[in-house]
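Participant: Pasting a structure below so you can have a look.
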Amino acid sequence: MPAFRAPRGLRDLLPPERQGLARLEELASKLAARYGYRPIETPLFEQAGVFERGIGEVTDVVEKELFLLQPREEDGERWALRPEPTAGIVRAYVQHGMQTWPQPVKVTMTGPMFRYDRPQAGRYREFWQFDVEAIGDPGPAVDAEIIELADRFYREAGLQNVVIQLNSIGDPVCRPAYVAELTAYYRAHAAELPPLERARLERNPLRILDSKDDALAALNAAAPKAIDRLCAACAAHFAGVRAHLHAVGVEYVLEPRLVRGLDYYTRTAFEVYPAGATGQQAAIGGGGRYDGLVELLGGRPTPGIGFGLGLDRVLLALEAAGAATNGELAPLAVIVGSAPDDTLTRLRLATELRSAGLASRAELGTRKLGKQLEAAARDGAHFAVIVGDELSGGNVQLRDLEAGTQRAVPVANLARELERASRTHRHGLAAAGGTAGAPDRET
Ligand code: HAM
């Protein structure tokens, strides 16, 4: 047992897994750019109040899952690791006067989030989200555009069968009456509520509806539904969202019990699940409208909508579906040589190839050629450049390790020859034999 280990619920992402995540990150940023979203980066931790006020005091995320940092005496500030990106992005929107920018401000961020939750499969204390926010547009068209973007991300990532659940949870006009009705409903069933939920009954009954506790399933199924209590404006908005979703061909199911676990939502709310999966831990994404959040964090009243997709869970779902999770690696050439001590020539050749934009690794040890070639093959290298006596005549041998073919190539043409040969090779890390068994991806 090693003396030091990664903290519970946090993982080391080893190269194959990091590679899979990098593929999703790249897809996310390119896709968001295709829709006009620009990157933003906010700090990994913020004043705890950003989350307490933004997400809501009576939520699991704030009550139970916030990673609070030990304050240092000199600043006395309470900091918390970000459990999600939206509150921090909205804080930045207010702080930097982004309401004076052309609206909506469309931003995207991908990075780690931290929740002190009980770790289990698919639920980590550090996890990665692809987040998108459109701040300053009341919708409903942008709501549909955002949901369509989420839907497209899964498909382009390789997950074909996802289910989008959709609901509207009203606004400050219609929600108070609904919440009062919900409170009365749960009060009448107080004896059936577990202690935590009973304590929340008067402060935030929506959280009971959102409970992960199986014992509440029947009670929650029979609870009054927000969708039946929408005011005229919210009903019209929701009809608009659905019409726009229809126009862009996005399929979804209506889920009247969907309320989301964060307090800032108004109107549109949605979650995404792999087909056949149920239960909150299985959600691979979620989002919705937060028309009160900018004001709550000190800005002018400004509508907003966004989503966060759980990339760790997308990778798990891809693996479960037997789909490829690895990105493509540039074909790699390894420079080996029959004179083990001549590291100088090998390093020089590799450096020249890298300058020409090619991926190469030189054998920098002094083992024998046979061992060098074995290591190159184990590494998943696609080519070996073999330096031997012919170098004095200006040639090296270029071996295609996969095809098993070999030919002499003038050193002066090596980069061009490798470039040409590389175009026929496109491999994922799986070809290196070092992955968790994911199939190779060929294009
Ligand atoms: P959320 O539903 O709390 O929403 O999280 C979004 C996604 O993050 C979830 O659907 C899930 O895939 C993933 N996720 C959450 N917790 C964990 C965990 N402990 N381990 C692994 N994955 C997890 C939000 O965070 C909102 N900020 C989304 C949003 C953006 N709404 C508007 N704009």
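The values are calculated or read from the model by the stated rules, or taken from the named source; none is laboratory data. All values derive from a computational prediction rather than experimental measurement. A quick note on method: Cβ atoms are made from the backbone with ideal geometry, for glycine too, and the neighbour counts reach across all protein chains shown. Accessible surface is based on the protein model in full, side chains and every heavy atom, while ligands, DNA and RNA are left aside. Shrake-Rupley method; radii C 1.70, N 1.55, O 1.52, S 1.80 Å.
Participant: To the nearest 0.05, what FRET efficiency results for T351 and E295 with a Förster distance of 60 Å applied to their C-beta separation?
Facilitator: Computed FRET efficiency for T351 and E295 comes out at 0.60.
Participant: Hey, another quick one. Fully extended, how many nm does the chain gain between E319 and A33 (0.36 nm per residue separation, minus their Cα-Cα distance)?
Facilitator: Stretched fully, the E319-A33 segment lengthens by 100.3 nm.
Participant: Using only C-alpha positions, report the orientation-averaged shadow area of the convex hull of the range 326-416, nm², one decimal.
Facilitator: Hull-based average projected area comes out at 5.8 nm².
Participant: Multiply the residue gap between A408 and F4 by 0.36 nm, knock off their C-alpha separation, and tell me the result in nm, one decimal place.
Facilitator: 140.4 nm
Participant: Going 7 Å from the Cα of L44 in the Cα-to-Cβ direction, what parts of the range 73-88 have a backbone nitrogen less than 11 Å from that spot?
Facilitator: Only 81-82 pass the distance filter.
Participant: What's the ranking of 210-221, 391-402 by average number of surrounding C-beta atoms within 10 Å, highest first?
Facilitator: 391-402, 210-221
Participant: Check each of the trypsin sites (Lys or Arg not before Pro) in the range 153-208 and keep only those in coil by DSSP with at most 12 other C-beta atoms within 10 angstrom; list them in order.
Facilitator: Answer in residue order: R203.
Participant: How large, in Å, is the range 1-49 by the Kirkwood hydrodynamic radius built from its alpha-carbon pairs?
Facilitator: 14.2 Å
Participant: Right, here's the next one. Could you pull out which residues in the range 127-158 have an amide N less than 14 Å from a spot 7 Å beyond the Cα of A235, following the Cα-Cβ vector?
Facilitator: No residue passes the distance filter.
Participant: Whenever you get a sec, compute what percent of the accessible area on the chain sits on carbon and sulfur atoms (1.4 Å probe).
Facilitator: Of the solvent-accessible surface of the chain, carbon and sulfur hold 53 percent.
Participant: Right, something else. Show me the chymotrypsin sites (Phe, Trp or Tyr not before Pro) within the range 1-61 that DSSP assigns to loop and that have at most 15 other Cβ atoms within 10 Å of their Cβ.
Facilitator: Counting only loop positions with at most 15 other Cβ atoms within 10 Å, the chymotrypsin sites (Phe, Trp or Tyr not before Pro) in the range 1-61 are F4, Y35.
Participant: To test your reading of the geometry: what angle, between 0 and 90 degrees and rounded to tens, separates the Cα axis of helix 141-157 from the longest principal axis of the chain?
Facilitator: 40 degrees
Participant: Right, here's the next one. Enumerate lysine pairs in the chain that are 8 or more residues apart or on different chains, then count those whose Cα atoms are under 27 Å apart.
Facilitator: Lysine pair count for the chain: 4.
Participant: Set Lys and Arg Cβ to +1 and Asp and Glu Cβ to -1, take the dipole of the chain about its Cα centre, and tell me which of G9, A408, Y35 lies farthest positive.
Facilitator: Of G9, A408, Y35, it is A408.
Participant: Mind checking the angle between helix 343-355 and the chain's longest principal axis? C-alpha axes, 0 to 90 degrees, to the nearest 10.
Facilitator: 50 degrees
Participant: Let me ask something additional. Starting from the range 15-108, pick out the GluC sites (Glu not before Pro) whose DSSP state is loop and whose Cβ has at most 14 other Cβ atoms within 10 Å.
Facilitator: E41, E57, E73, E74, E77
Participant: Contour minus end-to-end for A339 and K371, with contour as 0.36 nm per residue of separation and end-to-end as the Cα-Cα distance?
Facilitator: Here the answer is 10.3 nm.
Participant: Taking the Cα centre as origin and putting +1 on Lys and Arg beta-carbons and -1 on Asp and Glu beta-carbons, what dipole magnitude results for the range 235-344, to the nearest 20 debye?
Facilitator: 740 debye
Participant: Using just the helices of the chain, give the 222 nm mean residue ellipticity in deg cm²/dmol: DSSP H runs with n ≥ 4 each add -39,500 (n - 2.57), and the total is spread over all residues, rounded to 500.
Facilitator: Value at 222 nm, helices only: -10000 deg cm²/dmol.
Participant: Quick one: order T268, T100 from most to least accessible surface, probe 1.4 Å.
Facilitator: T100, T268
Participant: Now for a different question. On the Cα set of the chain, report Rg and Dmax in Å, please.
Facilitator: Reported Rg and Dmax, both Å: 27.0, 93.
Participant: Then there is this: Taking the solvent-accessible surface of protein heavy atoms with a 1.4 Å probe, what is the per residue accessible area of the chain in Å²?
Facilitator: Value returned for the chain: 47 Å² of accessible area per residue.
Participant: With everything on Cα atoms, drop me the angle between helix 232-247 and the longest principal axis of the chain, reported from 0 to 90° to the nearest 10.
Facilitator: 30 degrees
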